Structures are given as structure tokens and as C-alpha cells.
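A.B. asks: This is the structure I want to talk about, given as C-alpha cells.
The values are calculated or read from the model by the stated rules, or taken from the named source; none is laboratory data. Because the structure is predicted, anything quoted here is derived from the model rather than measured. Cβ: placed from backbone, ideal geometry, glycine included. Neighbour counts: every protein chain shown. We work out accessible area using only protein heavy atoms, side chains counted, and drop any ligands, DNA or RNA first. Shrake-Rupley method; radii C 1.70, N 1.55, O 1.52, S 1.80 Å.
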Amino acid sequence: MLIDSHCHLDRLDLAAHGGSLDAALDAARAAGVGHFLCIGVSADNAATVKGLAERYDDVDCSVGVHPLDLEPGAEPALDWLLGELAHPKVVAIGETGLDYHYEPESAALQQASFRLHLEAARITGKPVIVHTREARADTLALLREAALPQAGVLHCFTEDWEMAKAALDIGFYISLSGIVTFRNAEALREVARQVPVDRLLVETDSPYLAPVPHRGKPNLPQYVREVAEYLAVLRGVSYETLAEQTSNNFKRLFPLAGVA
């Protein structure tokens, strides 16, 4: 069994499946995907991702506010986040983090929100899903400051081995997406070869970042198999071994997930 550890089921382009989410998930299941983690990105979509998790036995969700979904004066409140996290199918916090690529001018707002999510993680014990882009020093500084007793994950990792190792050293997992298959991603492939076997996850981040040979097209959860197959070759193991390893890692990181 394979697990898509990060997908946005409420944002999928379903044209290839006749507009049917059921059909898209069935296609992923037919490809060997046995579980999906549907990711929250804003207060507006929290009810949606919870509804999807309630609808499907093999879907769990997270709730949080993405750093690019923040608006000054409308920052998430800790009480709101803790209330959302009490739902039994909300197994993680996020995605949260820092993105200075698109909105460096909102760094202070992003940092305040990230700290709030990390405080919710400390209170609830649920793992945090971290988005980071062009903010490696501040991301690592805030994670070290939080000193969470439980692990979390840097999702859709695109940084170098130095950052990966720093995150691993404070207990975090590394999740890789279809970006690892891109022609210009050799530095990321080097990271993929070195991540310890017990800290690696795979994801689609669908509908974004479809792997080769689907690059440039809408991404779908079924394509996580192609990410995993690529990583298996890269790491010199069988697909079945990599699928088992990453699924076991997912279950360890997200112990509340209803993985069969």
C-alpha cells in the first residue's frame, strides 16, 4: 500500500475523471494508493476538508492556514484552531510555515501565524505540516524555538541537504513530491538519496506539481505511485519496499490517521 501524504482533494481538476472525485480516488486506489491526507489551507476550507474526511474512510485531513492565505487583521486565532483540531479526523496541523518567495513583505505576519500553529501543536500533540520557501533560516529558527516533543514534516521539500539534515536533526520528516522527477532537480535528488529510510514520505501536493511524464498537467493523487516508483529507483530499492517504508513512516508520524 502507498499513501499520498499531502493532497488538496477539494482543489483537484477532475476533468480526467468526468468531474467525479469518487472516480479520481478510485483511480488512485487502483494504482495502489490506500490512504490520503487532505490538507487544510485556510479557515474557509476547514469545513470542506473535514467533510471530505468524514465522507471517505481512507481520507483524513489537517486544518491550518497557509502562509500565503494570511490577511492582515484576519490572522487565525488559537481558540479557533484548537476547536478545529478537536475533530476526530483532523490528524495534523497545517499547512503552515513561511513563504518569502511570493510575499516577503508579510514575513512578520507569517511568523506570528507559524508560531500560533506551533503552539497548537504543543498543546494538542498533533504533528505540524510545514511549508517553507526561501525562508530556511527563519523556518528552522522557529522550529527550534518551539522545541516540539513530537515530530512534524517539511512537505514538498525543495531545499538542499543542509536544510534537510537540520530538520532531521530536530526530529522532522521529509516529504517529496513530483518535483524530484523534474530535469533541473538534481540537488533535490541528492537529498532524496540521503534521507534516512525511517524519515521519508511521498506526496502529490495535487493538483499542483505533477511528476514527469505528466508535468504541466493537473496533478492527481494516483500519480503518487509514479513519484514512489521514481524514488525507489533513485534509492536502489524495490517499489514495494519503498511503499511499505513510507507507509510505515506515515503511520508513525500521524498515529491518529485511520490507516487500514
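A.B. asks: Filter segment 32-51 down to the residues that are open to solvent by less than 20 Å² (accessible area, probe 1.4 Å) and farther than 17 Å from Asp69 by Cβ, then identify the one that is nearest to the chain's Cα centre (by Cα).
C.D. replies: Leu37
A.B. asks: Specify the residue that is farthest from His155 (Cα to Cα); the eligible residues are those in segment 184-214 that are touching a residue at least 40 places away in the same chain (Cβ under 8 Å) and in a loop (DSSP other than H, G, I, E, B).
C.D. replies: Going through segment 184-214, the residues touching a residue at least 40 places away in the same chain (Cβ under 8 Å) turn out to be 189, 192-193, 197-209.
Adding the requirement that they be in a loop (DSSP other than H, G, I, E, B) leaves 203-209.
Working: Glu203: 8, Thr204: 10, Asp205: 9, Ser206: 12, Pro207: 15, Tyr208: 13, Leu209: 13 Å.
That would be Pro207.
A.B. asks: Which number in (1) touching a helix residue (DSSP H, G or I) at 6+ places or on another chain (Cβ under 7 Å); (2) more than 25 Å from Lys217 (Cβ to Cβ); (3) in contact (Cβ under 8 Å) with a residue 40 or more places away in the chain; (4) not hydroxyl-bearing (Ser, Thr, Tyr) marks the one condition that His87 misses?
C.D. replies: (3)
A.B. asks: Residues Glu162, Glu105: which one is more than 17 Å from the chain's Cα centre (by Cα), open to solvent by 60 Å² or more (accessible area, probe 1.4 Å) and more than 25 Å from Arg193 (Cβ to Cβ)? So that I can check it myself, show each step before the final result.
C.D. replies: On the way: Glu162 fails: more than 25 Å from Arg193 (Cβ to Cβ).
When all the criteria are applied, what remains is Glu105.
A.B. asks: While we're on this one: Do you know which residues across segment 52-72 are surrounded by fewer than 16 Cβ atoms within 10 Å (Cβ to Cβ) and farther than 30 Å from Glu240 by Cβ?
C.D. replies: Taking segment 52-72 and keeping what is surrounded by fewer than 16 Cβ atoms within 10 Å (Cβ to Cβ), we get 54-55, 57, 71-72.
Residues satisfying the conditions are Glu54, Glu71, Pro72.
A.B. asks: Something else about it: So for segment 5-19 (the condition being free of Cβ contacts under 8 Å to residues at least 24 places away in the same chain and charged (D, E, K, R)), does at least one residue qualify?
C.D. replies: no
A.B. asks: Quick check on segment 238-250. Is at least one of its residues under 16 Å from the mean Cα position of the chain (by Cα), hydrophobic (A, V, I, L, M, F, W, C), within 15 Å of Met1 (Cβ to Cβ) and at pLDDT 95 or above?
C.D. replies: yes
A.B. asks: I'm trying to understand the selection: among the residues of segment 215-254, which are without any contact (Cβ under 8 Å) to a residue 12 or more places away in the chain and not in a helix (DSSP H, G or I)?
C.D. replies: Gly216, Lys217, Gly236, Val237, Ser238
A.B. asks: How many residues does segment 1-35 contain that are polar (S, T, N, Q) and either out of contact with any Ser or Thr (no Cβ under 9 Å at 6 or more places or on another chain) or farther than 12 Å from Thr246 by Cβ (or both)?
C.D. replies: Within segment 1-35, the first condition is being polar (S, T, N, Q), and the residues that meet it are 5, 20.
Okay, now just the ones that are also either out of contact with any Ser or Thr (no Cβ under 9 Å at 6 or more places or on another chain) or farther than 12 Å from Thr246 by Cβ (or both), so 20.
Going through segment 1-35 one residue at a time, the tally reaches 1.
A.B. asks: Report every pair of residues separated by at least 6 positions or lying on different chains whose Cβ atoms are under 9 Å apart, first residue within segment 158-181 and at positive phi, second open to solvent by less than 10 Å² (accessible area, probe 1.4 Å).
C.D. replies: Gly171/Gly152
A.B. asks: For residues in segment 220-250 being of a type outside the set (Ser, Thr, Tyr) and in contact with a His (Cβ under 9 Å, 6 or more places away or on another chain), which is farthest from Val59 (Cα to Cα)? Talk me through it step by step, then tell me what you get.
C.D. replies: Looking only at segment 220-250, we keep the residues that are of a type outside the set (Ser, Thr, Tyr), and these are 220-222, 224-229, 231-237, 240, 242-245, 248-250.
Add one more test, that the residue is in contact with a His (Cβ under 9 Å, 6 or more places away or on another chain), and what stays is 220, 226, 250.
Working: Leu220: 15, Glu226: 20, Phe250: 13 Å.
Within segment 220-250, the match that is farthest from Val59 (Cα to Cα) is Glu226.
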